[in-house]
Amino acid sequence: MKTWQAGNGIVVHRLLGGRSNAFLIRDGNRTCMVDGGRNYRRKALLARLHKAGIANIDYLILTHTHYDHAENAAFLKERFGLKIVVHESEAALLEAGANPAIEGTISPTRLFIFLIRRWLQQLLRYPPAKPDILVDGPFDLALLGIRGYVLPTPGHSEGSISVIAGEVALAGDAVFGMFPGSVFPPFGQDIPRMVESWGLLAATGCQTFLPGHGRARSLELLTREYTKYVER
């Protein structure tokens, strides 16, 4: 289980990796998951929580409500009695178990979405969950006993948010980690706003950016990508 020291005693664990990441922030005796991963990884998720000695989770922050991030939200809420934090613009989608609009950002994914759009929302439904805390701007996590804050980073979806914990940013799909030398995701609603969000993330002072998919990205790479797309 990959671990990052975020500073000031804050630790970030990657509980699930690969195609859909799920992370846990530990700040003293407070714990917060960021995204819940896919439902078929539940056994692995619980095993890694047990291995890390974690029997309780206080909060689940959803970086957005696409199925591959929110599919386990209802399960985790029932299992741990945690509270769910989500952007207010996607709260109704979470309660319905529905996805924000999915759009391709490159030719292959645009074609893919065009071919299956008619069936997409039904295919990707997930168990609905009731959110507890809605955010509509920067949100100080100290209110929940965790040092850090939530930063709106729209573009991939309207309500995409990132979690800033010390020198580590948990960026959901605002940053993509699957393609070498790139942070550009294959899906996203609004590319210009997504690029603006890269600028916001780069300005946080974080050195490490943990994406919803793939491997960690550096500040150097994020800044280079931001500059490249702004200058286009």
- Task: Name the residue, out of LEU143, LEU201, that is farther than 24 Å from PHE114 by Cβ and touching a strand residue (DSSP E or B) at 6+ places or on another chain (Cβ under 7 Å).
- Result: LEU201
- Note on the structure: Scanning region 180-198 residue by residue, those of a type outside the set (Val, Ile, Thr), under 12 Å from LEU221 (Cβ atoms) and touching a residue at least 12 places away in the same chain (Cβ under 8 Å) turn out to be GLY181, SER182, PHE184, TRP198
- From GLY7, GLY17, which residue is modelled with pLDDT under 95, under 20 Å from LEU151 (Cα atoms) and not polar (S, T, N, Q)? GLY7
- Message: Contact list please: Cβ distance under 7 Å, first residue in region 7-21 and farther than 14 Å from ALA216 by Cβ, second residue part of a strand (DSSP E or B) and among the acidic types (Asp, Glu), pairs at least six apart or on different chains.
- Response: ILE10/ASP27
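Within region 102-119, can one find any residue that is touching a helix residue (DSSP H, G or I) at 6+ places or on another chain (Cβ under 9 Å), within 19 Å of ALA129 (Cα to Cα) and not polar (S, T, N, Q)?
no
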- Among ARG79, ARG48, which is the only one that is surrounded by 17 or more Cβ atoms within 10 Å (Cβ to Cβ), part of a helix (DSSP H, G or I) and more than 16 Å from the chain's Cα centre (by Cα)? ARG48
- Query: How about region 1-45: which of its residues are small (Gly, Ala, Ser), closer than 23 Å to ALA174 by Cβ and assigned to a loop (DSSP other than H, G, I, E, B)?
  - Reply: GLY17, GLY18, SER20, GLY36, GLY37
- Message: Return the residues of region 87-112 that are loosely packed, with under 15 Cβ neighbours inside 10 Å, more than 20 Å from the chain's Cα centre (by Cα) and touching a residue at least 12 places away in the same chain (Cβ under 8 Å); say none if nothing qualifies.
- Response: ILE106, PRO108
- Message: Anything in region 5-47 that is among the aromatic types (Phe, Trp, Tyr) and within 18 Å of PHE80 (Cβ to Cβ)? List them, or say none.
- Response: PHE23
- Which condition number does ASN39 fail, the rest of (1) modelled with pLDDT under 95; (2) among the polar types (S, T, N, Q); (3) under 13 Å from the mean Cα position of the chain (by Cα) being met? (3)
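Taking LEU221 as the residue in question, decide whether it is in contact with a Ser or Thr (Cβ under 9 Å, 6 or more places away or on another chain) and outside any loop (DSSP other than H, G, I, E, B).
For LEU221, the condition - in contact with a Ser or Thr (Cβ under 9 Å, 6 or more places away or on another chain) and outside any loop (DSSP other than H, G, I, E, B) - is met.
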- Among residues of region 1-45 being over 15 Å from LEU76 (Cβ atoms) and charged (D, E, K, R), the residue surrounded by the most Cβ atoms within 10 Å (Cβ to Cβ) is ASP27
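The values are calculated or read from the model by the stated rules, or taken from the named source; none is laboratory data. Since this is a predicted model, take the numbers as computed values, not measurements. Using ideal geometry, Cβ is built from the backbone for each residue, glycine included, and neighbour counts are taken over all protein chains shown.
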